[in-house]
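Engineer: Have a look at this one.
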Amino acid sequence: MSPRPSPTPERAAPTNPPSPALAPGPPPLAGGTQGPDALRPLLHTVLDALHTGATHRAGPLPAGGPDTVAAHLRDRAGDLLPTRGTGPHHALRTLVTAVAAGAADPADPLCAAHLHCPPLAVAVAADLAAGALNPSMDSWDQAPAASELEALLTRTLAHEIYRPHPSAPTPPDALVTTGGTEANQLAVLLARETNPHPQPVQLLTGANAHHSLARAAWLLGLPAPITLPTPGGTLDPAALDAALTGLPGPKLVAATAGTTDAGLIDPLPDIADITEHHGARLHIDAAYGAGLLFSDRHAHRLHGLDRAHTVTLDLHKLGWQPVAAGLLAVRDTTETTALTHTADYLNADDDTEAGLPDLLGRSLRTTRRPDILKIAVTLKALGRTGLAALVDQVCDHARHLAHLVATHPALELYDTPTISTVLFRPTGAPDSHIAAIRRNLLTEGHAVLGRARMDNRLWLKATLLNPHTDPAALAALLKLVEGHTPR
Ligand SMILES: *Cc1c(COP(=O)(O)O)cnc(C)c1O
């Protein structure tokens with residue numbers, strides 16, 4: 001017989017037990033009945049740190065440019081893997097303050113470069129609950145109620161696009177994604193998987209399409225897309241017709257409802273007619289534009305959206321969600337069976353036959369956050385009219401900014417905004433000045449503007465997604481640009 005291992009000294013001699021202060025046991029968890037009490041004091045620290053960080057920054061982004069910001073962050077962060085931890089409050093205070101002080105904050109009206117929205121407080125509060133409960137959307141036994149909420153929400157959103165139609169053979173649905181990129185990838189994948197022909201699917205897009213579509217074709221082993229020039233900023237139906245005429249094999253046309261650069265919407269009904277006429281499949285990337293669906297004033301711009309086989313939505317753009325909040329709506333649910341996949345530990349056939357919902361086929365991901373919780377809470381809290389008001393507000397702000405530009409003696413406007421993007425430039429300035437104005441504003445921490453190349457010229461881009469922006473902030477933005485324009 002081998003000798004029994006001798007007991008550890010701690011077990012053997014409990015005469016001098018470690019005091020609770022020295023050995024507090026594992027840190028508290030976020031879940032269960034104790035979780036909220038453990039979270040409450042930590043949240044106080046987090047909220048104070050967010051406030052302190054924003055106060056330190058005092059602008060839409062930190063001043064000084066990349067080297068200065070990086071040096072500050074390194075100083076404040078210190079050793080990220082110390083031998084002895086600093087404890088939760090110190091770590092939260094230090095790092096949250098550092099990141100907040102160094103943030104480009106979309107809640108600042110002068111932070112308007114990208115489709116990078118300021119998240120609503122209610123959505124962020126709901127996301128906290130998602131983190132605390134931590135359902136994982138790849139199997140029912142990890143997300144019993146969250147999976148049902150996802151099913152309800154995806155059907156609700158799919159019906160916003162594809163109005164219930166009695167003659168439709170199957171109902172529409174939507175898959176949750178990390179954003180427009182993953183949604184576009186899934187759209188191209190579904191086109192590939194439902195293609196009955198031996199030849200591969202040929203993707204056709206406008207030059208205005210998002211770069212993720214070409215990458216999706218590359219990733220999925222499809223031929224490089226045919227890219228049609230879009231001199232007016234949108235896909236020309238006649239050019240599409242000409243490109244499809246005589247093109248052999250299966251085809252996928254991807255149109256855009258809300259281009260990333262200019263917020264323009266391709267002529268969807270005409271494109272749908274031509275695509276249908278040539279027997280091609282249609283995907284519409286409405287990552288930006290889909291938010292217009294909520295607005296009675298603007299929804300008509302998306303006329304024709306329901307004629308697409310698949311539609312990309314991105315509620316971390318015109319939906320005021322924290323990242324990530326993407327969806328791919330599918331006109332015909334049966335097409336998603338291409339994603340069906342079995343892994344014995346998650347969705348064994350006998351479990352599925354016994355009635356446990358099979359979730360694995362709703363994504364290419366396995367472990368997956370319940371991003372639907374914040375979306376569902378937001379839709380319920382604001383309702384259609386509340387969301388419409390936000391959409392209408394940012395569209396109104398864009399029109400107002402465009403008006404200020406158009407009536408400004410030294411600025412040129414690209415066009416009246418379709419959604420909430422305004423392109424403008426100092427009249428007569430060379431492209432190198434435009435690029436320098438943008439970089440100088442970034443370095444000083446005064447404003448975050450984007451850039452876009454249209455008409456073969458470089459423009460400053462203001463993407464207005466902040467419903468709290470006001471005319472004074474918009475005027476201030478133009479003043480800053482004016483102040484940086486070399487004479
Ligand atoms: C932003 C955008 C995407 C990509 O979405 P992500 O959420 O960044 O992955 C795709 N298409 C369009 C038109 C976009 O504007």
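The values are calculated or read from the model by the stated rules, or taken from the named source; none is laboratory data. Remember, it's a predicted structure, so these values are computed and weren't measured experimentally. Backbone-built Cβ (ideal geometry, glycine too); neighbour counts: all protein chains shown.
Engineer: Determine which single condition residue 180 fails, assuming it passes every other condition in (1) within 15 Å of the ligand (Cβ to nearest atom); (2) not hydrophobic (A, V, I, L, M, F, W, C); (3) not assigned by TED's automatic domain parsing to the domain that holds residue 310.
Structural biologist: (3)
Engineer: Moving on. Among the residues of segment 301-324, are any surrounded by fewer than 23 Cβ atoms within 10 Å (Cβ to Cβ) and within 10 Å of the ligand (Cβ to nearest atom)?
Structural biologist: The answer is yes, given that some residue of segment 301-324 is surrounded by fewer than 23 Cβ atoms within 10 Å (Cβ to Cβ) and within 10 Å of the ligand (Cβ to nearest atom).
Engineer: Can you confirm whether segment 389-404 contains a residue that is touching a strand residue (DSSP E or B) at 6+ places or on another chain (Cβ under 8 Å), under 26 Å from residue 422 (Cβ atoms) and small (Gly, Ala, Ser)?
Structural biologist: yes
Engineer: So, one more: Please find, among 401, 442, 449, the residue that is crowded, with 18+ Cβ neighbours inside 10 Å, more than 20 Å from the chain's Cα centre (by Cα) and closer than 30 Å to residue 229 by Cβ.
Structural biologist: On inspection, the qualifying residue turns out to be 401.
So that you can scan it fast, the table gives a plain yes or no per residue for (1) farther than 24 Å from residue 315 by Cβ; (2) surrounded by fewer than 24 Cβ atoms within 10 Å (Cβ to Cβ); (3) hydrophobic (A, V, I, L, M, F, W, C):
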{"position": "178", "(1), (2), (3)": "no, yes, no"}
{"position": "216", "(1), (2), (3)": "no, no, yes"}
{"position": "232", "(1), (2), (3)": "yes, yes, no"}
{"position": "236", "(1), (2), (3)": "yes, yes, no"}
{"position": "250", "(1), (2), (3)": "yes, yes, no"}
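Engineer: Here is a further query. Tell me, which strands (runs of 3 or more DSSP E) wholly within segment 202-308 include 3 or more residues that are over 27 Å from residue 455 (Cα atoms)?
Structural biologist: none
Engineer: Tally the residues that are more than 18 Å from residue 208 (Cα to Cα) and out of contact with any Ser or Thr (no Cβ under 8 Å at 6 or more places or on another chain), restricting the search to segment 272-306.
Structural biologist: The qualifying residues number 19.
Engineer: Please find, within segment 328-346, the residue that is farthest from residue 289 (Cα to Cα) out of those that are in contact (Cβ under 8 Å) with a residue 24 or more places away in the chain and in a loop (DSSP other than H, G, I, E, B).
Structural biologist: That would be 332.
Engineer: Given the residues 191, 187, 158, which is the only one that is within 14 Å of residue 332 (Cα to Cα), in contact with a Leu (Cβ under 8 Å, 6 or more places away or on another chain) and away from the ligand (no atom under 15 Å from the Cβ)?
Structural biologist: Exactly one residue qualifies, and that residue is 191.
Engineer: Mind checking which strands (runs of 3 or more DSSP E) fall wholly inside segment 375-487 and carry at least 3 residues that are outside the structural domain of residue 325 (by TED's automatic domain parsing) and free of Cβ contacts under 8 Å to residues at least 60 places away in the same chain?
Structural biologist: The qualifying strands (runs of 3 or more DSSP E) are 421-426, 457-463.
Engineer: Turning to a different aspect of this structure: Looking at 225, 269, which one is surrounded by fewer than 23 Cβ atoms within 10 Å (Cβ to Cβ), in contact (Cβ under 8 Å) with a residue 12 or more places away in the chain and touching a Ser or Thr at 6+ places or on another chain (Cβ under 6 Å)?
Structural biologist: 225
Engineer: Within segment 195-204, identify whether any single residue is within 13 Å of residue 284 (Cα to Cα), more than 12 Å from the ligand (Cβ to nearest atom) and aliphatic (A, V, I, L, M), and answer yes or no.
Structural biologist: Yes, the conditions are met somewhere in segment 195-204.
Engineer: Now, a different point. Go over the candidates 348, 354, 280 one by one and state the one that is of a type in the set (A, V, I, L, M), closer than 25 Å to residue 169 by Cβ and out of contact with any Asp or Glu (no Cβ under 8 Å at 6 or more places or on another chain).
Structural biologist: Testing whether each residue is of a type in the set (A, V, I, L, M), closer than 25 Å to residue 169 by Cβ and out of contact with any Asp or Glu (no Cβ under 8 Å at 6 or more places or on another chain) leaves just 280.
Engineer: State whether the residues of segment 274-296 include one that is of a type in the set (Ser, Thr, Tyr) and more than 16 Å from the ligand (Cβ to nearest atom).
Structural biologist: Yes: segment 274-296 contains one or more residues that are of a type in the set (Ser, Thr, Tyr) and more than 16 Å from the ligand (Cβ to nearest atom).
Engineer: Moving to a separate point now. Is there a residue being crowded, with 17+ Cβ neighbours inside 10 Å, at pLDDT 95 or above and within 16 Å of the ligand (Cβ to nearest atom) anywhere in segment 346-356?
Structural biologist: The answer is no; no qualifying residue exists.
Engineer: So if I check each of 192, 163, which one is charged (D, E, K, R), more than 30 Å from residue 70 (Cβ to Cβ) and assigned to a loop (DSSP other than H, G, I, E, B)?
Structural biologist: Among 192, 163, only 163 is charged (D, E, K, R), more than 30 Å from residue 70 (Cβ to Cβ) and assigned to a loop (DSSP other than H, G, I, E, B).
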